[in-house]
Each structure stands twice: as structure tokens, then as C-alpha cells.
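Q: Got a structure here, written out as C-alpha cells. Questions coming.
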């Protein structure tokens, strides 16, 4: 069921924190864990979920345990895969996005990966992530 172009790449106000490579972190972004004291996590790709002001850490999720359950990591251990743009976000295949304002309310808040844009419909084909 389509949502009429309601996929947004996390464009709402968000916490500001910089990854190890100096790029601003935002929810829904892909990042790679680097220089983590838990060495087996290094090199793992994760999706940034939310910022915990109290801990000053990001909740991230990945495909392998313990990342599949969600973990808290400091921004210094995260390297952004694709920088986010706060104004005029250009959507591209492979980019992570969060569904917003969809008529099918169950889909709102779901994280997806953009697959292909259909010019005729003005909609993206998306694939759900296994991180939720």
C-alpha cells in the first residue's frame, strides 16, 4: 500500500552530535562502528536510532547480536556512511529513510531503505529493514 510520497529522510528537528569523521549524526542514518573498546563491534554497520541526552550516547541497531537488540554508543565510535543534509534532502536509492505521515498509520515511524523511484506515481519503492 503506497503512501503517496510520504517517505522522509529524517527531516524533522533532531539532536546534534558529530560522528568520529566530523559529520552530524541524525536518526535513520547509516554508520559504521570504529575504534570501539569492544573490538568485535568494529566494522559493523548500524542504523542510528535516537540520542540519549543523559548518557550522551546514541542508540544504534544492526543485523547481528548484540546490535540487533540495540546498543548505546558514544558518537566518537560512529562513522557516518552518508552525510545527511538538513535542508533540501535529496533522496537516492540505498538511502535509509523513515516513513512519516502515511495514510496507513501502522507504517509511520518504520525505517526503510529506498529502492527505486517511480516517476509516474511520484513514489519510492522501499524495503523494510530488519532492525526494528
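Q: Any residue at all in the range 104-114 that's buried (at least 18 other Cβ atoms within 10 Å of the Cβ), touching a strand residue (DSSP E or B) at 6+ places or on another chain (Cβ under 6 Å), modelled with pLDDT of 90 or more and under 12 Å from residue 29 (Cα atoms)?
A: No.
Q: Within the range 1-40, take every residue that is touching a helix residue (DSSP H, G or I) at 6+ places or on another chain (Cβ under 7 Å), buried (at least 16 other Cβ atoms within 10 Å of the Cβ) and outside any loop (DSSP other than H, G, I, E, B) and give me the one that is modelled with the lowest pLDDT.
A: 17
Q: Consider the range 50-80. How many of its residues are in a loop (DSSP other than H, G, I, E, B) and either in the same structural domain as residue 112 (by TED's automatic domain parsing) or without any contact (Cβ under 8 Å) to a residue 12 or more places away in the chain (or both)?
A: 3
Q: Still on this structure: If residue 60 satisfies every condition in (1) buried (at least 18 other Cβ atoms within 10 Å of the Cβ); (2) touching a helix residue (DSSP H, G or I) at 6+ places or on another chain (Cβ under 9 Å); (3) at pLDDT 90 or above; (4) farther than 16 Å from residue 129 by Cα but one, which is the exception?
A: (4)
The values are calculated or read from the model by the stated rules, or taken from the named source; none is laboratory data. Just so you know, these numbers come straight off a predicted model, no measurement behind them. Positions of Cβ are backbone-derived with ideal geometry, glycine not excepted, and every protein chain shown enters the neighbour counts.
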